[in-house]
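One structure is given below, encoded as structure tokens.
The values are calculated or read from the model by the stated rules, or taken from the named source; none is laboratory data. Because the structure is predicted, anything quoted here is derived from the model rather than measured. Because the Cβ atoms are built from the backbone with ideal geometry, glycine has one as well, and the counts that use them run over all protein chains shown. For the accessible areas, the whole protein counts, side chains as well, though only heavy atoms, and no ligand, DNA or RNA atoms are used. Shrake-Rupley method; radii C 1.70, N 1.55, O 1.52, S 1.80 Å.
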Amino acid sequence: FGISFASGLSVKDEILSRLPITLLLNVISLVIVFIVSMYLGVKSALKMGSKFDKFTKQFSLVSYAMPSFYLALLLVIVFSVTFGWFPISGLHSVDVKGGFEYYLDFAWHLVLPIFVMVFGGIGSLSMYIRSLTIGVLKSDYIYFAISRGIEGKKLFRYFILPNISPPIITILGLSLPGLIGGSVILESIFAINGMGLLFYQSALSRDYPVIMGILIISAFLTLLGNIIADLILLKLNPHFKRAK
């Protein structure tokens with residue numbers, strides 16, 4: 001990748017030093033978004049027209065429309081500046097020693113950034129899962145399963161989940177490139193020394209080798225996400241295999 005114009009260090013070393021924290025933030029938020037969206041989407045579809053369904057749709061609309069930078073600044077003002085419950089920025093406090101206190105302080109610094117990332121990702125995915133589930137519930141095999149007395153967890157596990165999983169897995173696979181791009185604003189606001197902040201600083205200083213290196217990593221994650229999604233779909237549905 002060459003040498004950084006700004007620091008004079010290897011671009012590979014710059015990226016490798018910032019990559020772990022960005023991956024940690026985004027992987028945790030992606031897992032939480034997937035779990036919460038599955039719960040909200042499926043339950044909202046099963047209880048279509050209920051108060052829970054209306055609440056889920058309103059919450060998803062707010063989540064989808066809320067700018068992440070605005071929510072991040074709002075949380076910092078309320079919970080960090082006003083109440084002092086959470087740290088304003090960074091990953092560690094100055095006066096924290098090693099041991100369990102160190103990791104607890106590290107986790108405490110990640111609460112607000114992860115919350116912002118999770119809140120911004122739930123809206124669209126939960127509504128997408130709700131739409132998929134409603135389409136599955138209108139299928140003939142669902143009526144046939146219900147007529148045979150299959151309900152509750154068995155209906156979800158054997159009839160609903162297998163049919164909504166392929167498009168969800170494809171969406172999650174395509175979200176891997178956003179692990180870097182989606183962190184630019186949040187890492188800049190919370191002063192997290194990750195790939196997003198590195199990209200922002202490199203763009204301001206016109207550090208082209210670092211910018212190119214980060215873009216290459218993003219392109220690699222795009223290909224990797226597609227490959228992982230295809231392999232998972234191949235495992236879930238053996239009919240995708242090529243006939244011998």
Check your understanding: Distance in nm between label sites at residue 65 and residue 106, each 7 Å beyond Cα in the beta-carbon direction?
Key -> 4.0 nm
Exercise for review: Quick one: pull the percentage of alpha-carbon pairs in the range 106-192 with a separation above 19 Å.
Suggested key: 55 percent
Check your understanding: Expressed as a rounded percentage, what relative contact order does the range 1-136 have, with Cα pairs under 8 Å and six or more residues apart?
Key -> 38 percent
**Study point:** Estimated [θ] at 222 nm from DSSP helical runs (n ≥ 4, -39500 (n - 2.57)) normalised by residues in the chain, nearest 500
**Key:** -23500 deg cm²/dmol
Point to revise | Anchor residue 154: aspartates and glutamates whose Cα lies under 18 Å away (excluding residues fewer than 8 positions away in-chain) | key: 140
Revision key, fill the gap. Given the candidates 77, 169, 59, the one whose Cα lies deepest towards the positive end of the charge dipole of the chain, counting +1 at each Lys or Arg C-beta and -1 at each Asp or Glu C-beta, is 169
Review point. Under a 1.4 Å probe, what is the accessible area of the chain per residue, stated in Å²?
Key: 60 Å²
Practice item. List the relative contact order of the chain as a percent without decimals, with contacts defined as Cα pairs under 8 Å and 6+ residues apart. Key: 29 percent
Practice item. Calculate one ³J(HN,Hα) per residue across the range 112-121 by plugging θ = phi - 60° into the Karplus curve 6.51 cos²θ - 1.76 cosθ + 1.60, and present them in order as whole Hz with x for glycine and proline. Key: 5, x, 5, 4, 5, 5, 5, 4, x, x
Study note, to complete from the structure: Sequence order, the range 72-84: Karplus ³J(HN,Hα) from phi using 6.51 cos²θ - 1.76 cosθ + 1.60, θ = phi - 60°, Hz rounded, Gly and Pro as x, gives 5, 5, 5, 5, 5, 5, 6, 8, 9, 7, 6, 8, x
Point to revise | FRET efficiency, residue 82 to residue 206 (Cβ-Cβ, R0 35 Å, nearest 0.05) | key: 0.40
Check your understanding: Taking only pairs that are 8 or more places apart or on different chains, how many Lys pairs in the range 43-121 have Cα atoms under 14 angstrom apart?
Key -> 4
Study note, to complete from the structure: Treating every alpha carbon of the range 109-156 as one equal point scatterer without solvent, the Debye formula yields log10 I(q)/I(0) values at q = 0.25, 0.26 Å⁻¹ of -0.88, -0.92
Review point. Kirkwood Rh, Cα Rg: Rg to Rh for the range 9-131?
Key: 1.07
Check your understanding: How large is Rg/Rh for the range 17-86, to two decimals, with Cα atoms and a Kirkwood Rh?
Key -> 1.09
Practice item. Take the Cα coordinates of the chain, assign each an equal point scatterer, and use the Debye formula without solvent to give log10 I(q)/I(0) at q = 0.08, 0.11, 0.12, 0.17 Å⁻¹. Key: -0.41, -0.73, -0.84, -1.27
Point to revise | Label-point separation, residue 163 to residue 6 (7 Å along Cα→Cβ), nm | key: 5.1 nm
Review point. Roughly what angle does helix 208-236 make with the longest principal axis of the chain, taking Cα atoms, 0 to 90 degrees, to the nearest 10?
Key: 20 degrees
Exercise for review: Measure off, as a whole percent, the carbon and sulfur share of the 1.4 Å-probe accessible area of the chain, all protein chains present.
Suggested key: 69 percent
Check your understanding: What list of ³J(HN,Hα) couplings, whole Hz, do you get for the range 122-133 from phi and the Karplus terms 6.51, -1.76, 1.60, once you set θ to phi - 60° and write x for glycine and proline?
Key -> 6, x, 5, 5, 5, 5, 5, 5, 4, 5, 4, 5
